[in-house]
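Each remark here refers to the structure printed beneath this line.
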There are 2 protein chains.
Amino acid sequence: MNRKATALDVAKLAGVSRSAVSLVLNGRGDGNVAKESQDRIRAAALELNYSPNAIALSLRNQRSRVIGILSDEVVVSPFDGNIIGGADDIARSRGFVTVVMDTERDSARDAGAIETLLDRQVDGLMYVTVGLKPIDVPQGMLRVPSVLANCYDALPQPQLHHVIPDEVTGGREAAEHLLQLGHLDIALLAGDEDSPAAPLRVQGYRDAHAAANVPLRGDRIFMAGWDIDAGYRGAMKLLDGVSPAERPTAIMCANDRLAVGVTLAAARLGLSVPGDLSVMGYDDETRIADTMVPALTTMALPLREIGRAAMTTLLDAIEGTDTTGKGTTVETMVPCRLVIRESTGPAPTR
Amino acid sequence: MNRKATALDVAKLAGVSRSAVSLVLNGRGDGNVAKESQDRIRAAALELNYSPNAIALSLRNQRSRVIGILSDEVVVSPFDGNIIGGADDIARSRGFVTVVMDTERDSARDAGAIETLLDRQVDGLMYVTVGLKPIDVPQGMLRVPSVLANCYDALPQPQLHHVIPDEVTGGREAAEHLLQLGHLDIALLAGDEDSPAAPLRVQGYRDAHAAANVPLRGDRIFMAGWDIDAGYRGAMKLLDGVSPAERPTAIMCANDRLAVGVTLAAARLGLSVPGDLSVMGYDDETRIADTMVPALTTMALPLREIGRAAMTTLLDAIEGTDTTGKGTTVETMVPCRLVIRESTGPAPTR
DNA sequence: TTGAAAGCGTTACCAG
DNA sequence: CTGGTAACGCTTTCAA
């Protein structure tokens, strides 16, 4: 627990002044400090295991090379934090570090957390959410370069760049996959009204049907929630006691948990997946979609890419390297990725 | 993006000196500063929306009221981060803030992350892991008060306090629950050899059988991995084509995903849960155990409590309020909690 | 080529 | 009761 070495300690050990230490260690020694002194300084720094005090640095430079990430519940929720992982990848590769604060879904804590981060001189701010959603941008975020990941400004005149998945296309391509397999009666368990993602995925599903000229039965879309039991109940409603001719041949789910519920229901009803029924997930949740039996065909949310894109935009703004002119754009849409596994197959012949 | 107000700005506006501002705003105005000046100062601070610069404060005080949390993969993994949530609860209630860094399972990044945190004057450090495991404590952690949550020092002479779940008791009580329901043939899908938690849970399972005087078949324990498909395969091996008399009447799983796989297998085999087979999970994973059909009886990991206990220990050490003498203890064990839902029931009569 | 000094925003000490 | 000054650790400018 003893004190860390300071630049002064290094200077003393090397027998030079503090300024020399600073110059050398910051690569501006040549032409300012004698070669020999440089070596002594470097040796001393190494010996004392010296690294500059970041606090003093921040105070002096008025910047910290720290990016603050405010999460609604990415940390505490059971959903993976790959947005943060992707953001961190980029930040580290560009010499920044990220620190995360999580408000556990209590947006009343947003402003305070932002202030805390700002008081610590973060050079930029990122707001990240588990699911796509509109947020009230905390005032403080306008004081430094900021970006929104997986969420967007609820105001009509958004002031911050946001990076989100292209849910409509995702929904469309998911449905297209099923359509291409010959399914003509595809039910949709669509999640929940109050998630902005749900209606977008529904839209994509409708678009795919329209484009393929396949008529859409209005009673095939259920706003069913997001959990296993909701998928189970939805599937039971669709399948239990229904004659094969009346059954949908595929069920497209707005997330993977719903698909687990559907698969479970099918098993209880003696229906094989994908023989009798194709089941499609969404999100590609780690350790769910890939390990289900059968493994789930799903539409992967590009979480890592969202994080990377958002951080890239942010750092470009901070470092003024924004040559793409993207600074004027407000929205980046990242495509979802179809992952074909084993839970979907050709429509059964009737 | 304009500069924040400093104490000097406040002083000027109020027509006093910086020191007066500092005294008043830190509650030590009475007896030092004229009542009238105090009011002017407070008014000025409010008007300028002044809050002290945390960086300067840290530099000055040599402490930051920030706790650094280093996570192996709590943030990015699909496992919930309630340890961090619990830790944050306590920290905030005691006037600290937490910042999280995640190394994404790359322990080579540990030391660097710790240095980063240390350079930013964190007052304390917590290392937290997703699953129980031994770690190589990064040297830097010994320089400030530190604690381990859900992990422990791999060395024979541990130097840091750690807080972990009581897995043996958890395993025992899970098995006892099944035993009390009359099950005499309980199979165990035990996870994976290389997790320290697995053998502890197995030990508890054995202990329960010994205490209840129920003989244990050696071929009933499978080190099966941790995922849905592993549970599925394990259950198939145990149940498929096996006569009712030869079948285990309950399967205890080392986590909830395994239990999902088991339930799915049972469904495919036409076995009802819990009628024909009781299924027990472990962990109480949010949105899995509680939403399965049937909802999973499980042994809840006390993640939130672990986080709270670890942070309490840490802050007590930092603030010197450690009156419990716990500072001398190296280990805190937090009990798991049996959560009875619908997947377990009385053993079928034969 | 080197060292001294100023300043980043704060608080604590000590004269006045 | 008040206000000036030093110090926290660093970088940068300027003078020697």
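Summary table below
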quantity: Qualifying residue in the range A:19-42 (condition: within 14 Å of DNA strand D (Cβ to nearest atom), without any contact (Cβ under 8 Å) to a residue 24 or more places away in the chain and buried (at least 23 other Cβ atoms within 10 Å of the Cβ)); calculated: yes
quantity: Test: residue in the range A:96-108 that is within 14 Å of DNA strand D (Cβ to nearest atom), open to solvent by 50 Å² or more (accessible area, probe 1.4 Å) and more than 12 Å from chain B (Cβ to nearest Cβ); calculated: no
quantity: Residue in the range A:328-346 that is modelled with pLDDT under 95, surrounded by fewer than 20 Cβ atoms within 10 Å (Cβ to Cβ) and in a helix (DSSP H, G or I) present; calculated: yes
quantity: Odd one out for A:ALA295 among (1) surrounded by fewer than 24 Cβ atoms within 10 Å (Cβ to Cβ); (2) part of a strand (DSSP E or B); calculated: (2)
quantity: Output for the range B:73-105, where each listed residue is among the small types (Gly, Ala, Ser) and under 11 Å from the mean Cα position of the chain (by Cα); calculated: B:GLY81, B:GLY85, B:GLY86, B:ALA87
quantity: Residues (more than 23 Å from the chain's Cα centre (by Cα) and either surrounded by 24 or more Cβ atoms within 10 Å (Cβ to Cβ) or at pLDDT below 95 (or both)) located in the range A:248-260; calculated: A:ALA250, A:ILE251
quantity: Selected residue (only one of B:SER77, B:SER71 is at the interface with chain A (Cβ under 7 Å from one of its Cβ atoms) and buried (at least 21 other Cβ atoms within 10 Å of the Cβ)); calculated: B:SER77
quantity: Selection from the range B:9-38 of residues that are in a loop (DSSP other than H, G, I, E, B) and either within 14 Å of chain A (Cβ to nearest Cβ) or within 12 Å of DNA strand C (Cβ to nearest atom) (or both); calculated: B:VAL16, B:SER17, B:ASN26, B:GLY27, B:ARG28, B:GLY29, B:GLY31, B:ASN32, B:VAL33, B:ALA34
quantity: Residues of the range A:266-278 classified as part of a loop (DSSP other than H, G, I, E, B), open to solvent by less than 50 Å² (accessible area, probe 1.4 Å) and away from chain B (no Cβ under 11 Å), total; calculated: 3
quantity: Matching residues, the range B:177-198, being open to solvent by 60 Å² or more (accessible area, probe 1.4 Å), out of contact with any Ser or Thr (no Cβ under 9 Å at 6 or more places or on another chain) and at pLDDT 95 or above; calculated: B:GLN180
quantity: Qualifying residue in the range A:59-67 (condition: touching a helix residue (DSSP H, G or I) at 6+ places or on another chain (Cβ under 6 Å) and at the interface with chain B (Cβ under 9 Å from one of its Cβ atoms)); calculated: yes
quantity: Count of residues meeting criterion [part of a helix (DSSP H, G or I), within 11 Å of chain B (Cβ to nearest Cβ) and of a type outside the set (Asp, Glu)] in the range A:109-129; calculated: 6
quantity: Selection status of A:ILE84, more than 8 Å from chain B (Cβ to nearest Cβ) and not hydroxyl-bearing (Ser, Thr, Tyr); calculated: no
quantity: Any chance B:THR263 is within 14 Å of chain A (Cβ to nearest Cβ), in contact with a Ser or Thr (Cβ under 9 Å, 6 or more places away or on another chain) and open to solvent by 10 Å² or more (accessible area, probe 1.4 Å); calculated: no
quantity: Hey, B:GLY81 touching a helix residue (DSSP H, G or I) at 6+ places or on another chain (Cβ under 9 Å) and modelled with pLDDT of 90 or more or not; calculated: yes
quantity: Residue selected from the range B:44-64 under the condition within 12 Å of DNA strand D (Cβ to nearest atom) and in a helix (DSSP H, G or I), by the criterion most open to solvent (accessible area, probe 1.4 Å); calculated: B:ARG60
quantity: Neighbours by Cβ (under 7 Å, 6+ apart or cross-chain): first from the range B:285-314, over 29 Å from A:ALA259 (Cα atoms) and more than 10 Å from chain A (Cβ to nearest Cβ); second open to solvent by less than 20 Å² (accessible area, probe 1.4 Å) and part of a loop (DSSP other than H, G, I, E, B); calculated: none
quantity: In the range A:8-18, residue nearest to B:LEU160 (Cα to Cα) [restricted to those that are out of contact with any Leu (no Cβ under 8 Å at 6 or more places or on another chain) and within 9 Å of DNA strand D (Cβ to nearest atom)]; calculated: A:LEU8
quantity: Qualifying residue in the range B:132-144 (condition: more than 16 Å from DNA strand C (Cβ to nearest atom), polar (S, T, N, Q) and under 20 Å from the mean Cα position of the chain (by Cα)); calculated: no
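The values are calculated or read from the model by the stated rules, or taken from the named source; none is laboratory data. Computed from a predicted structure; not experimentally measured. Heads up, the Cβs are rebuilt from the backbone with ideal geometry, glycines too, and the neighbour counts pull from every protein chain shown. Areas reflect the complete protein model, heavy atoms only, side chains present, ligands, DNA and RNA absent. Shrake-Rupley method; radii C 1.70, N 1.55, O 1.52, S 1.80 Å.
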